[in-house]
Amino acid sequence: FPSHDTREEAIAFARKIQTGNISSLLGIRKTGKTSLINRVTDECEQKHNDSIIFIDCSRDDIWSPDSNKLLKTLYINIKDANSHKNKYNLIKSTRDYQPITIEDFITIVDQFDSHIILIFDEFDYISPSSPTNSATWKNQFNNFWRQMRVIFQETRRRKSNFSIVLCGVSSKWFRVSEIESVEHLS
């Protein structure tokens, strides 16, 4: 059984992300981050009736596409979760990489009647220090997170319930001012 403190941490973290924000859970490998995120997910589903999209970034089909394909994959999964009214959704691959606009993505979020939480577990796999695809993510990191930032900010202005949770080892790439000579706007 989880300790009382861990349950309390999960409850507090679940409450925090109800307000529509970007939160992170950082720590060295094998310290229980994913276990805590799993408890948070349970809490969000059961007590807050949230819709969770869980993105395990260590999966080949998540870290291997470029940022636009990953954004499209998220869009399709959010759309599917809304149409099926699923509360927990492990991200599914897609072969539909037709371009979408940021407005398309925001419109899907606006249509939800519950809080949407995107949980990026092992997000280091989609960063410039990716152990599997650093070449792509050195060039795509800024593009992907800049788009996610625009989506997040616009959903906040529209009062949509949308949160992003980042779970990984290092926040390094979110703190640097530029990557590959491109200004990073985090």
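The values are calculated or read from the model by the stated rules, or taken from the named source; none is laboratory data. Only a predicted model underlies this, so the values are computations on that prediction, with no experimental measurement involved. Note: ideal-geometry Cβ built from the backbone for every residue, glycine included; neighbour counts use all protein chains shown. Side chains included, ligands, DNA and RNA excluded: accessible areas come from the protein's heavy atoms. Shrake-Rupley method; radii C 1.70, N 1.55, O 1.52, S 1.80 Å.
Val176 - would you say it is touching a residue at least 24 places away in the same chain (Cβ under 8 Å) and open to solvent by less than 70 Å² (accessible area, probe 1.4 Å)?
Numbers: touching a residue at least 24 places away in the same chain (Cβ under 8 Å): no; open to solvent by less than 70 Å² (accessible area, probe 1.4 Å): yes.
The answer is no for Val176.
Are any residues in region 24-81 among the small types (Gly, Ala, Ser) and over 18 Å from Asp96 (Cα atoms), and if so, which ones? Explain how you work it out, then say what you get.
Of all residues in region 24-81, those among the small types (Gly, Ala, Ser) come to 24, 27, 32, 35, 51, 58, 64, 67, 81.
Ser24, Gly27, Gly32, Ser35, Ser51, Ser58, listed by residue number.
Pull up region 111-141, narrow it to residues that are of a type in the set (Gly, Ala, Ser) and either part of a helix (DSSP H, G or I) or touching a residue at least 60 places away in the same chain (Cβ under 8 Å) (or both), then point me to the one that is surrounded by the fewest Cβ atoms within 10 Å (Cβ to Cβ).
Taking region 111-141 and keeping what is of a type in the set (Gly, Ala, Ser), we get 114, 127, 129-130, 134-135.
If we keep only those that are either part of a helix (DSSP H, G or I) or touching a residue at least 60 places away in the same chain (Cβ under 8 Å) (or both) as well, we get 114, 130, 134-135.
Numbers: Ser114: 16, Ser130: 21, Ser134: 15, Ala135: 9.
Here the residue is Ala135.
Residues that are open to solvent by less than 80 Å² (accessible area, probe 1.4 Å) and of a type outside the set (Val, Ile, Thr), at least 3 per element: which helices (runs of 4 or more DSSP H) completely within region 1-97 meet that? Full working, then the answer.
Values: elements: 4-16, 33-48, 60-63, 67-84.
Fully inside region 1-97 and qualifying: 4-16, 33-48, 67-84.
Looking at Val150, Val169, Val182, Val176, which is the one that is in contact with a Lys or Arg (Cβ under 9 Å, 6 or more places away or on another chain) and over 18 Å from Ser64 (Cα atoms)?
On the way: Val150 fails: in contact with a Lys or Arg (Cβ under 9 Å, 6 or more places away or on another chain); Val182 fails: in contact with a Lys or Arg (Cβ under 9 Å, 6 or more places away or on another chain); Val176 fails: in contact with a Lys or Arg (Cβ under 9 Å, 6 or more places away or on another chain).
Just one listed residue meets the conditions, Val169.
Write out, first by first residue and then by second, each pair whose Cβ atoms fall under 7 Å of each other, whose residues are 6+ apart or on separate chains, and whose first residue, in region 15-41, is over 26 Å from Glu154 (Cα atoms) while the second is buried (at least 18 other Cβ atoms within 10 Å of the Cβ) and of a type in the set (A, V, I, L, M).
Lys33/Leu25; Leu36/Ala10; Leu36/Leu25; Arg39/Ala10
Among the candidates Asp124, Asp113, single out the residue that is out of contact with any strand residue (DSSP E or B) (no Cβ under 8 Å at 6 or more places or on another chain), of a type in the set (Asp, Glu) and under 26 Å from Asn38 (Cα atoms). So that I can check it myself, show each step before the final result.
On the way: Asp124 fails: out of contact with any strand residue (DSSP E or B) (no Cβ under 8 Å at 6 or more places or on another chain).
On inspection, the qualifying residue turns out to be Asp113.
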